[in-house]
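Single-structure report; data block below.
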Amino acid sequence: MSGGNPFQNLLKEINVNGDTFHYFDIASFPEFRELPYSVRVLLESAVRNCDNFQVLEKDVRGILRWKQTKGTPSSDDELEIPFKPARVILQDFTGVPAVVDFAAMRDAVLKLGGDPDRINPICPSDLVIDHSVQVDFARSEDALAKNQDLEFERNRERFTFLKWGAKAFNNMLIIPPGSGIVHQVNLEYLARVVFQDASKSKDGSMRMLYPDSVVGTDSHTTMINGLGVVGWGVGGIEAEAVMLGQAISMLLPEVIGYKLVGKMSPLVTSTDLVLTITKHLRQIGVVGKFVEFFGPGVSELSIADRATISNMCPEYGATVGYFPVDKNALDYLRQTNRSEERVRVIEAYLKATDQLRDFGNAEQDPVFTQIVELDLASVVTSVSGPKRPHDRVAVSEMQHDFRQCLINKIGFKGFAVPEEELNTEGSFNWTDGKTYSLRHGSVVIAAITSCTNTSNPSVMLGAGMLAKKAVEAGLKVAPYIKTSLSPGSGVVTYYLKESGVIPALEELGFNVVGYGCMTCIGNSGPLDDNVANTIEKNNLVCCGVLSGNRNFEGRIHPNTRANYLASPLLVIAYALAGTVDIDFEKQPLGQRADGSNVFLRDIWPSRQEIQAVEKQHVIPAMFRDVYEKVELGSPAWQGLNAPTGKLYPWDTASTYIKRPPFFEGMTRDLPTIANIVNARALLNLGDSVTTDHISPAGSIARNSPAARFLSDRGLTPRDFNSYGSRRGNDDIMARGTFANIRLVNKLVARAGPRTLHIPSGEEMDVFDCAQRYATDGTPLIALVGKDYGSGSSRDWAAKGPYLLGIKAVIAESYERIHRSNLVGMGIVPLQYLDGQNADSLELTGRELFSIALPANCKPHERITVNTDCGKQFQVIARFDTEVDLEYFRNGGILNYMIRKMID
């Protein structure tokens, strides 16, 4: 291992506020000015961490040659580079498994003769317990208190475990439950923009400045890109390795320059803009690339607007959607109560290293791989759906589009409703003594929910102002529609109250129900039995409308087959209408007391009206009041008695926290790479299988293997809780893998979490089938189509298949994070050759598969697959880097880290 940094000559001093800081002057490189601002952050990290061991001098030189290797779309040069993020952010969905894995790693290190105290975060880690609140109580004044009390009761064991982790592990900050959603807390409170770090010097005398950068265990970590912080989602497994000081290995990215010009109409919102950008970038194709926004139009966007666009980055497929730091970003730091002294240091550093952007100055524009442009004036009011976030529909075309979806064949834009059933109607009685009817298009869930929009005061205040005007006009929301408001942080509730719109929101049923992931993650809670039964009896295509970022099939609620993403304002509008089958221009929302019609245009606030209220009510004092006590938590949190000690006292009877089996049988020496012989296909899946289809999420169905497991241990359905709450127990999560009700497996006739045990011909639940194969000693693979694993960066989408016994996946293409996670669990990601897939090769999934894995396998090496029916074909080993192979040889990234700790 080499000591010393070869770029030490670039170390310079800067004096700010009478304090002296040091920084690496990356702007002194001749190539620097042509680099995209996002790549400059990668460069600085490589320069600062260069030790010619993990980070080599040639890595720095490679990044400096970005223009030559990635400056044109035609370039196919691939360069592997290391990246050490400044910090890691966890949400408790993946924070619990991370702490569980850390605790289990300590046990494994001790068993192998090492020092368990070495398993501690080296990279700072922020863990936000934005627990998944189920909306059991919606329309009541005390809905917030009731939901939070219920969640604390349900999740006490999980919270206690995390509180132990905060004491047991160094360098870990925990934000207690009830504080807000991870991405908004990151934006408003945790983000440093520029680190001021005294720990880089042993005696603390050298205070280093360097850009804030982050990886997080949720794909929407990209939201922080809106504040000029480079960050993206990784699997929990990869995040844990970063916490242990391991660099991320990545390919030097192409950077698409997305130029914004013009001004938005005063009647459109940031949500409309982001849905437009999402569809546009999906059409261009930016998977695995950086997107960097520039142009004079960026100055028209608030930081909250930018954060909304960055939050949707996973939906348009890029690694980051980056807005460099500019004056607006510095003003946002002041608005959110960051100290003036801190902001001055940030500004001084960014100016000294030429990383402060002026979007109106074209001379600052760097080189991009490709430039695309959007005129903000072209953006119109929009929604996206009914099944994917990038299927944008102009609201003016919504009625026609929905009606067309009803008759289209089954697909992302189709439900195949027979013509004779298009006018089907079902009715039910409600507690108010009235009879209500449901039809195709009826809205039964309307949720202003974290996290895409709830960070944005413009759309949240806009929704409140629209609600106020609606109430003044005498409009109401039907009582059977499950309405809810889940702000991203306490600040949102603060300014909604101060601006006087909360009473109107509550009048329409949009009571604050909690802080955290809710409807968007499938925790919308049960619908009233009368509503659910009417939908099921009449086979209706009813709808959910939500201000979230995901609307994949089966995610929001089993009874909402169509789900639309919309701005908070439109969530209220469609709730008032009671249907998505409406033309707002021609059809009224309702009538005033005098019988006159009320149209949406009559109550829609302009952008200027909203901005005036925002300027008056969103002030630094709010952020100070909310966040100065945030780390203390609620009395319930403070009252938790957590265990002490370096090793966790595992409770073998727990159904929440269990020591995982990932390290069982692990040895000091590397295992030999074994061929996969006579494997069966557990599943044969098509295109766009998302992590929502793979990973356990939402409620635990009463007829599922996970439910049977819990019932056998004496739990009733009331106590099942959600998969998200039980992420620390592999027994539950393995049983919930591929448990999505909309999963389409070609081995069986109908959609659902079922598959075929091929030797017997018996159809059964996926988990039960995997167990039968395991008993027989049969290895498993999965056959899948394009974009396998798109969606959230969930580690359980890789851990689950590993526990089911899947040794390899053969896909047409992979989502970036999921491919990395498969490698991180020791699963082989294989890819068909261009133009080939299971259908073209005439594979049914009923064959026996044998895959010869060379002991000295190389990145992207071609591997031969043989079948028992005589078919033979080649696939590409999607080990993209040598580091991928090193992880795989060790049996996974965490096993690699354990061996490294005991060397």
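Laid out as a table, the results:
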| quantity | calculated |
| --- | --- |
| Index of the failed condition, Thr424 passing every other in (1) within 21 Å of Ala575 (Cβ to Cβ); (2) touching a helix residue (DSSP H, G or I) at 6+ places or on another chain (Cβ under 7 Å); (3) surrounded by fewer than 17 Cβ atoms within 10 Å (Cβ to Cβ) | (1) |
| In the range 356-384, residue farthest from Lys327 (Cα to Cα) [restricted to those that are open to solvent by less than 50 Å² (accessible area, probe 1.4 Å) and of a type in the set (Ser, Thr, Tyr)] | Ser384 |
| Scan of the range 608-622 for residues that are assigned to a helix (DSSP H, G or I) and either over 27 Å from Leu475 (Cα atoms) or open to solvent by 40 Å² or more (accessible area, probe 1.4 Å) (or both), ordered by number | Gln608, Glu609, Gln611, Ala612, Lys615, Gln616, Pro620, Ala621, Met622 |
| Arg601 being open to solvent by 70 Å² or more (accessible area, probe 1.4 Å), at pLDDT 90 or above and part of a helix (DSSP H, G or I) | yes |
| Residue that is nearest to Asn549 (Cα to Cα), among those in the range 453-487 that are open to solvent by less than 10 Å² (accessible area, probe 1.4 Å) and free of Cβ contacts under 8 Å to residues at least 60 places away in the same chain | Leu485 |
| Members of the range 333-370 that are more than 26 Å from Ala621 (Cα to Cα) and of a type in the set (Lys, Arg) | Lys351, Arg357 |
| Only listed residue being β-branched (Val, Ile, Thr), under 24 Å from the mean Cα position of the chain (by Cα) and closer than 30 Å to Pro82 by Cα, chosen from Ile876, Ile863, Ile817 | Ile817 |
| Complete set of residues in the range 660-682 that are of a type in the set (Gly, Ala, Ser), surrounded by 13 or more Cβ atoms within 10 Å (Cβ to Cβ) and more than 13 Å from Pro779 (Cα to Cα) | none |
| Yes/no for Arg156 being open to solvent by 30 Å² or more (accessible area, probe 1.4 Å), under 24 Å from Pro696 (Cβ atoms) and not hydrophobic (A, V, I, L, M, F, W, C) | yes |
| Answer from Val630, Val613, Val689 - the residue that is modelled with pLDDT under 90 and either out of contact with any Leu (no Cβ under 7 Å at 6 or more places or on another chain) or not small (Gly, Ala, Ser) (or both) | Val630 |
| Residue in the range 36-56 that is more than 24 Å from Pro124 (Cα to Cα), in a helix (DSSP H, G or I) and open to solvent by 10 Å² or more (accessible area, probe 1.4 Å) present | no |
| Filtered residues of the range 660-692 (kept if closer than 30 Å to Phe412 by Cα and in contact with a Gly (Cβ under 8 Å, 6 or more places away or on another chain)) | Ala681, Leu682, Leu683, Asn684, Leu685, Gly686, Asp687, Ser688, Val689, Thr690, Thr691, Asp692 |
| Scan of the range 731-746 for residues that are open to solvent by 10 Å² or more (accessible area, probe 1.4 Å) and farther than 17 Å from Arg702 by Cβ, ordered by number | Asp731, Arg742, Val744, Lys746 |
| Condition check for Ala247: crowded, with 23+ Cβ neighbours inside 10 Å and among the small types (Gly, Ala, Ser) | no |
| Those residues of the range 747-782 which are within 30 Å of Glu157 (Cβ to Cβ) and either in a helix (DSSP H, G or I) or open to solvent by 60 Å² or more (accessible area, probe 1.4 Å) (or both), in sequence order | Val766, Phe767, Asp768, Ala770, Gln771, Ala774 |
| Test: residue in the range 7-29 that is at pLDDT 90 or above, under 29 Å from the mean Cα position of the chain (by Cα) and surrounded by 15 or more Cβ atoms within 10 Å (Cβ to Cβ) | no |
| Test: residue in the range 521-542 that is part of a strand (DSSP E or B) and either under 21 Å from Leu144 (Cβ atoms) or among the aliphatic types (A, V, I, L, M) (or both) | no |
| Qualifying residues in the range 281-306 (those that are in contact with a helix residue (DSSP H, G or I) (Cβ under 8 Å, 6 or more places away or on another chain) and in a loop (DSSP other than H, G, I, E, B)) - the one most open to solvent (accessible area, probe 1.4 Å) | Val287 |
| Residues satisfying the stated conditions in the range 683-709, i.e. open to solvent by less than 50 Å² (accessible area, probe 1.4 Å), outside any loop (DSSP other than H, G, I, E, B) and either polar (S, T, N, Q) or under 11 Å from Gly736 (Cβ atoms) (or both) | Asn684, Thr690, Thr691, Ile694, Pro705, Ala706, Ala707, Phe709 |
| Condition check for Gly548: touching a residue at least 24 places away in the same chain (Cβ under 8 Å) and surrounded by fewer than 24 Cβ atoms within 10 Å (Cβ to Cβ) | no |
| For Asp107: the one exception among (1) of a type in the set (Asp, Glu); (2) open to solvent by 10 Å² or more (accessible area, probe 1.4 Å); (3) under 28 Å from the mean Cα position of the chain (by Cα) | (3) |
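The values are calculated or read from the model by the stated rules, or taken from the named source; none is laboratory data. Keep in mind it's a predicted model, so treat the numbers as computed, not measured. Heads up, the Cβs are rebuilt from the backbone with ideal geometry, glycines too, and the neighbour counts pull from every protein chain shown. Remember, those area values only see protein heavy atoms, side chains included, never the ligands or the DNA or RNA. Shrake-Rupley method; radii C 1.70, N 1.55, O 1.52, S 1.80 Å.
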